[in-house]
Structure formats: C-alpha cells, structure tokens
Protein chains: 2
Amino acid sequence: MTGPDGGASPGDQRRAVEQAVRHVAALIAEGHQVTLTHGNGPQVGNLILKNQLAAHVVPPVPLDWCGAQTQATIGTLVLNALDGRAAVVVTRTLVDPADPAFQDPVKPIGRYFSEAEARRFEELGQTWRRFDRGWRRVVASPEPLEILDAPAITALVAAGFTVVAAGGGGVPVARDAGGRLGGVEAVIDKDLAAAVLARDVRATVLVIATDVPGAVVGFGTAQARPLGAVTAAELRVLHAAGHFAGGSMGPKVEAALRFVEQGGDRSVITSLENIGAALTGESGTVVRK
Amino acid sequence: MTGPDGGASPGDQRRAVEQAVRHVAALIAEGHQVTLTHGNGPQVGNLILKNQLAAHVVPPVPLDWCGAQTQATIGTLVLNALDGRAAVVVTRTLVDPADPAFQDPVKPIGRYFSEAEARRFEELGQTWRRFDRGWRRVVASPEPLEILDAPAITALVAAGFTVVAAGGGGVPVARDAGGRLGGVEAVIDKDLAAAVLARDVRATVLVIATDVPGAVVGFGTAQARPLGAVTAAELRVLHAAGHFAGGSMGPKVEAALRFVEQGGDRSVITSLENIGAALTGESGTVVRK
C-alpha cells in the first residue's frame, strides 16, 4: 500500500488509508486470504523529527521503536477501515548483527539539518552525512532474514483473519552473542521484508501494489516498454542489466524475484487499483518460475 | 505489569520489562495460558510531550495514536524478553461517544505548562485546566465497553500463544452516527479495560499485578488491615464505603469486582512477585462470587 503523506494531518492520513483499503476489502469479499503490509516512510520521518526536536527534554527513542509505533497507528487505521475479522500483529524482522550494512550506514532518513545540529546528534551516537541540500542522518538497512512473528500471523490467517503485519519492513531485531533478542538501530526495506513475509506465511501470491501499472524495461529511454508476464530467470537478467535501477522500482523487482526464487508461486507488481485483476493474471508485471 | 519510568532511557525501560516478564515466564512455564496487559502512563506522557514540543513543525497526532504507539513499543520489549510463542495484538477498546466523560474531561495527562502555552494548545482544540502547580491538559476517560480485538486474541491463545494486548487500556475507538469506527481523543483506565479484556477472552482468573501485596481496608488509618479472600458482595460494600478511594487502588478494586460480577471465576490483586502464588490462592486479595 502506498503510504499517505506524513506531512498531512491525521484526518488526511485516515482518509488516505480508507481509500486504499477499499481495494483490499474487495479482495477479501471475493474470498481471498489476505495478509497486508505497508510502508511507513513519511510517518516514521515525522516520529524521528519529533524525537529530534524534543531531544533536549525527552531521551530520543531508538529507530526500532519508531518503526513499531507506525505499525500500530497505520495498522489501527486499516482495522477501523476494514471493520471486520482483521487484526494487527506487531511484527519483528530478524537481521544479522554482522550484516555489512551496519559497518556502512547509507540509508538517509528524516529531514535535512544544519551541520551544527548534525554534530549535536552525532554526540548521541548517530551517523550523519553531508548531502547537497544539507546534513542528513544515515542508518543501516540490513537484509531481512526472517519474520519472527510469522507463526502468529499464520495462526490468525488460519482462523479467518485478515492480518496487517510487518509494516515499514518490520521492527528490526537481532540476537546478541548470548542469543538474546533486542531491537537494532536500522531500517528494513519494506519490499524485501514483504517477500520474506510472503515466504514465511507460505503465501501463494505476493502482490506489490504501487502507484504505477508495473515494471518498465528501459525506463526513461525511447525503448521503454511495460513488462507483463516474465519468468524469474528472464527478470533476473533484466534486473542485473540495470533496467530497474532508477527510482523506487529496484527493490520491488528484487522482492518479486526473491519470493518466486524461494519457492513462491507468483509475484505481481501492479497499481493499487488493479490488485484484484492482478490475482487473475490480467494486470501488471507477473513473475513466475 | 507496573510500567517502567518513562523518564528512564530506552535501555532502562528494556531492563525493567525483562525483570517484570520473568514472573510471567514462570507462569507460562507452568502451563498457564496467559494474556498480558500493561500500563503506559509514563510512555504515553513522553509521546504527548514530544508532540507538544514539536507542534510548531509537525501536526500533533491524536491521543488514540499515542496509545497505539505504546502498545507496539512496550509489546515488542515483552516479546523480545519472552522469546517464545508470543504475539502482540494491537487492541482497540470500544467506548460510547455519548459517554458523559466526553462532556466533562477530568483526567489530567502530560506535564504542567504555563498559562500562555496552555492557551496555545487550546487553540488546537484541547482542553486545559489550571491546577496548583500550573496548567495541564485534561481528557475524557470513558468506560470501556468491549475489546474489539478479543476474537484475534482468543484465536491466538487457542493456538498456544501468550498474547500481549490492550496495553494502556487499549486504543479508544467509537462508532459515529453512520456506524463507522474511528479513534477518539480519550484515555481508558487500564485496570477497567483489563476487566473487560478478561471477560471478552473468557479468562478464568484476572490477576492485577501491582507494587503492593493486595488491597487494604481502612488504608492509612489505625484499623488498616490487609484484605485476603473476600466475596464480590462484601468487597462491593467496602468499596462503596470508600475504603479504596485513596491512591490508585480504587480502579483495581473496581476492575476485580466487575470481572467477577460479570461471570469471571476469580480476581486477584497482588504484587508482581506473587502472581504465581496468586493463581493457587495463596497470595493477595482474592475476590470470588
């Protein structure tokens, strides 16, 4: 689900969720078992900003807490809009503390600040980098390995619930040297997490709903053409050749590929309006083994 | 569960939760099916304060969002500490939009501010009152009627999960004139919500864990005596006579009473350390029909 603009008022966010959920409700009415995930970029950006603005009074909470918070708020909006047999499971995504992403945090989050402000936040242990428009915090975006709460999601789906889970990629957690679970200061790509979620709940189809009708080969060139049915092997070659490098399609193609490569029946990249048609194969980019 | 101090660092909060969860883990190890709820006062206070301090930059989110946020963060800490077959269900509590509490909000939340600051927040639609120590926001605390997400909790318990639910009294929601569900600007008493949760998931025993060994008759007087086994009828008379009016015991006694009066087998008010003994009837104030 594409997220509403975090700069919008809570009422606007509620209306945006209601609009988006209609398409999901139609699938549920047709009898599909749906596990739903969502982004959280604008919302988590707001939470991080509030933590930054209040840091002189209230100790900022770690990133994994912010992610958990957005699962609950966006999830509640979805539940209220669906108003049926549905539940939000707060979802943790396991990452490897030795993931190389932790050595070289590159994912920018939150707003631009001045160098002086950035230096102050660095004293709290954060990593900040200079960009063209100013200083911005960068964090690790490690690989999602496993959806720890998949058993709860699966149990609820089996009991007839539509489940909202793993929003914003899930709450990043890792095991320390002693095996103890704890949150880690990271963000997880929501599309890659969706692929792991689909695998771990043994979904038949992974639908990646976005604001375009599908992936495009040669995007931005004169040879651009929309991509319909494609095998995972063919798509892997196109992806490696850099066809989806620009914009935000790269992680979506990678997620679609991983789900099918790891045993999933089918991945579909399509627009939110077309997710119903996507399930019958008439819409978007459809990836099969 | 008594909540950790919200002024404490996230690491301190984590350690406090780990400490508290040990007692719950012991119950689970003995084979009890446990549904767990918790307070959120200090944590929601911090969130409200951050919203207030950042209000000039980011639109403050409503109170029901803050409550949802604390369910996810405290719940995740509990899950990581339990590290077993457990899940957090984001839980909504239904209230009546015609509840008289909405006409006369009296529950103070957050910190004290100056009159000038209070007036600015009033312009955002909030209600503020003058207290001895300054101005403080007051909100409605309506009666919890139903735990809307009880079916999901029950399904998970049946599948062998320990469930964390209804933290902070649950996310307050109501149906509008058109029947549509939406969050409402309110806080729900966590003990009263726990009684509704216990009823709606058909629990056998409601255990209210606090930081004292039980309820005390004549608290603060020379005739003070700890209350052990008591019938609901006897306790109702003592409660009506004002024996538990001081401090925070009142809502706990009311919750214990309601659960038994509405068909529950037993309510126990005891200290967190004694919840194991409470289940075998050897500890705290035990209320039966």
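FYI, it's all coordinate maths here, none of it is from the lab. Everything numeric in this text was worked out from a predicted model, so none of it was measured. Positions of Cβ are backbone-derived with ideal geometry, glycine not excepted, and every protein chain shown enters the neighbour counts.
Beyond 21 Å, the tail of the calculated P(r) for the range B:1-99 holds 42 percent of the Cα pairs.
Its Cα centre serving as origin, the range B:54-116 has a Cβ charge dipole (Lys and Arg +1, Asp and Glu -1) of approximately 240 debye. Legend: distances between Cα atoms for A:Lys50/A:Lys252; B:Lys50/B:Lys252; A:Lys107/A:Lys289; B:Lys50/B:Lys107; pairs beyond 26 Å are A:Lys50/A:Lys252; B:Lys50/B:Lys252; A:Lys107/A:Lys289. Per the Debye calculation on the protein assembly as shown with a single equal scatterer at every Cα and no solvent contribution, log₁₀ I(q)/I(0) for q = 0.05, 0.10 Å⁻¹ amounts to -0.22, -0.87.
Taking Cα atoms only, the orientation of helix B:190-200 departs from the longest principal axis of chain B by about 60 degrees. For the Cα atoms of chain A, what angle does the longest principal axis make with the long axis of helix A:249-261, in degrees from 0 to 90, nearest 10? Here the helix axis deviates by roughly 60 degrees. Candidates B:Ala240, B:Ser271, B:Phe219 compared by Cα position along the dipole of the range B:204-289: farthest toward the positive end lies B:Ala240, with charges placed on Cβ. Of A:Ile109, A:Ile153, the sequence from fewest to most neighbouring Cβ atoms within 10 angstrom is A:Ile109, A:Ile153. Per residue of peptide A:149-155, the mean number of Cβ atoms on other chains within 10 Å of the residue Cβ is 5.
In a solvent-free Debye calculation with one equal scatterer on each Cα, what is log10 I(q)/I(0) for the range A:204-289 at q = 0.12, 0.13 Å⁻¹, listed in the order of the q values? For the range A:204-289, the Cα-only Debye profile gives -0.29, -0.34. Starting from the label point of A:Glu115 at 7 Å along Cα→Cβ, the same points in the other copies fall at 4.6 nm, in ascending order.
For chain B, a simple Cβ point-charge model (Lys and Arg +1, Asp and Glu -1, everything else neutral) yields a dipole of about 160 debye relative to the Cα centre. Selection among B:Asn40, B:Val138, B:Leu156 by position relative to the dipole of the protein assembly as shown gives B:Val138 as farthest towards the positive end (Cβ unit charges, Cα centre).
Label-to-label distances for B:Thr280 across copies, nearest first, come out at 6.3 nm, using points 7 Å from Cα in the beta-carbon direction.
Counting Cβ atoms of other protein chains within 10 Å of each residue's Cβ and taking the mean over peptide A:217-228 gives 0. Taken along the Cα-to-beta-carbon direction at a fixed 7 Å, the label points for B:Lys107 and A:Arg85 span 3.2 nm. Across the range B:141-231, Cα pairs under 8 Å and at least six residues apart give a relative contact order of 26 percent. Note on B:78-88: average number of Cβ atoms from other chains within 10 Å of each residue's Cβ is 5.
In the calculated pair distance distribution of the range A:135-263, what percentage of Cα-Cα distances lie above 25 Å? Percent of Cα pairs beyond 25 Å in the range A:135-263: 36.
For chain A, the longest principal axis of the C-alpha atoms and the axis of helix A:63-82 are separated by about 40°. Packing, taken as the mean count of other beta carbons within 10 Å per residue, orders the peptides B:252-260, B:218-226, A:11-19 from highest to lowest as B:252-260, A:11-19, B:218-226.
Each copy carries B:Ala240; placing its label point 7 Å along the C-beta direction from Cα gives inter-copy distances of 8.1 nm, listed from smallest up.
The ellipsoid equivalent to the alpha-carbon distribution of the range B:94-193 has semi-axes of 32, 16, 11 angstrom, derived from the gyration tensor eigenvalues as √(5λ) and listed largest first.
What distance in nm separates the two pseudo spin-label positions at A:Ala240 and A:Glu273, each 7 Å out from Cα along the beta-carbon direction? According to this spin-label approximation, the distance is 3.7 nm. Each DSSP beta bridge with both residues in the range B:204-289 is either parallel or antiparallel, and the antiparallel ones are about 40%. Only the Cβ atoms of Lys and Arg (+1) and of Asp and Glu (-1) were treated as charged; on that basis the dipole of the range A:204-289 about its Cα centre amounts to roughly 200 debye.
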